[in-house]
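A quick write-up on the structure given underneath.
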Amino acid sequence: MSDARRDEIAGNLAVVRARIDAACAAAGRDPAGVTLIAVTKTYPASDVEHLAALGVTDVGENRDQEAAPKAAAVTAPVRWHYIGQLQRNKARSVARYADVVHSVDSERLAEALATAAARQRDTPIEALVQVNLDGEAHRGGAVDDDVERVADAIAARPELTLRGVMAVAPQDWEPAAAFARLAAVAARVRAAHPGAELVSAGMSGDLEAAIAHGATHVRVGGALLGLRAPLR
Ligand SMILES: *Cc1c(COP(=O)(O)O)cnc(C)c1O
């Protein structure tokens, strides 16, 4: 393990923590209410070990093909968050290592994940409903009333625990407008399911706006780990 790499990540982490603290101060929120998820896609398992040594124990991945071997390779005790689009035929694999799945966006996927969890786990998978904020079909996420239907489907299965909602701000939207809309959806879900308190929102470029609108989990990749995917 290279100390230089750990120092680099530690420096980036200090900047990200300062941004989270400043955003919480501006919003009158306690920073303890915002969990930092380090998004380690395209980065090696050794970076996950560095992050864990630096106290970041929530880790996010968006592709099963990459996440499954990485989760098997990492020995530090971290919580794996699956944040990418999920095909039903990958539910079985993801259920082996994911503690939290942020991207449940259909009743059929909730069913597949619950069935996979029933076969191979003792503990429920924590699940969030991914919300599609602009209704663009090519993006992941449930639209409008489907959000509540997916939430109900998750809540109906003991192998899953409904924890809240997740979204990615559409690129052509003001982040603040996107996260305000997500906050309204989150409140609706919470009205039916009081335990569904998590709001997963905000990335390297827009975490301040997400925290201003109630994010409990921010998912940060580039600002912690540097530019992604240099070709070698
Ligand atoms: C990659 C990714 C992130 C992190 O994005 P950065 O801009 O690198 O911080 C967050 N959420 C999802 C769903 C992602 O795929």
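The values are calculated or read from the model by the stated rules, or taken from the named source; none is laboratory data. Worth saying up front: this structure is predicted, and the values here are computed from it rather than measured. All Cβ positions, glycine included, derive from the backbone under ideal geometry; neighbour counts span all protein chains shown. With ligands, DNA and RNA removed, areas are computed over all heavy atoms of the protein, side chains included. Shrake-Rupley method; radii C 1.70, N 1.55, O 1.52, S 1.80 Å.
Annotations
- Total residues in region 64-79, condition within 16 Å of the ligand (Cβ to nearest atom) and open to solvent by 20 Å² or more (accessible area, probe 1.4 Å): 3
- One residue alone among A178, A187, A153 is at negative phi, at pLDDT 95 or above and within 16 Å of the ligand (Cβ to nearest atom), and that residue is A178.
- First in region 77-97 and in contact (Cβ under 8 Å) with a residue 12 or more places away in the chain, second anywhere and part of a loop (DSSP other than H, G, I, E, B) and open to solvent by 20 Å² or more (accessible area, probe 1.4 Å), Cβ under 6 Å, 6 or more apart: V78/T57; R79/D99; W80/D99; I83/N62; G84/N62; G84/R63
- Selection from region 107-138 of residues that are in contact with a strand residue (DSSP E or B) (Cβ under 7 Å, 6 or more places away or on another chain) and not in a helix (DSSP H, G or I): P124, I125, E126, A127, L128, V129, Q130, V131, N132
- Given (1) surrounded by fewer than 24 Cβ atoms within 10 Å (Cβ to Cβ); (2) touching a residue at least 40 places away in the same chain (Cβ under 8 Å); (3) within 16 Å of the ligand (Cβ to nearest atom), number of the condition S200 does not satisfy: (1)
- The residues of region 81-105 that are part of a loop (DSSP other than H, G, I, E, B), touching a helix residue (DSSP H, G or I) at 6+ places or on another chain (Cβ under 9 Å) and open to solvent by 40 Å² or more (accessible area, probe 1.4 Å), listed by number, are Q87, D105.
- Selection within region 16-28: residues that are in contact (Cβ under 8 Å) with a residue 12 or more places away in the chain and under 20 Å from the mean Cα position of the chain (by Cα). The member of this set that is most open to solvent (accessible area, probe 1.4 Å) is R17.
- Any hit, region 50-63, residues being buried (at least 23 other Cβ atoms within 10 Å of the Cβ), out of contact with any strand residue (DSSP E or B) (no Cβ under 7 Å at 6 or more places or on another chain), part of a helix (DSSP H, G or I) and touching a residue at least 24 places away in the same chain (Cβ under 8 Å): yes
- Condition met for R149 (open to solvent by 50 Å² or more (accessible area, probe 1.4 Å) and without any contact (Cβ under 8 Å) to a residue 60 or more places away in the chain): yes
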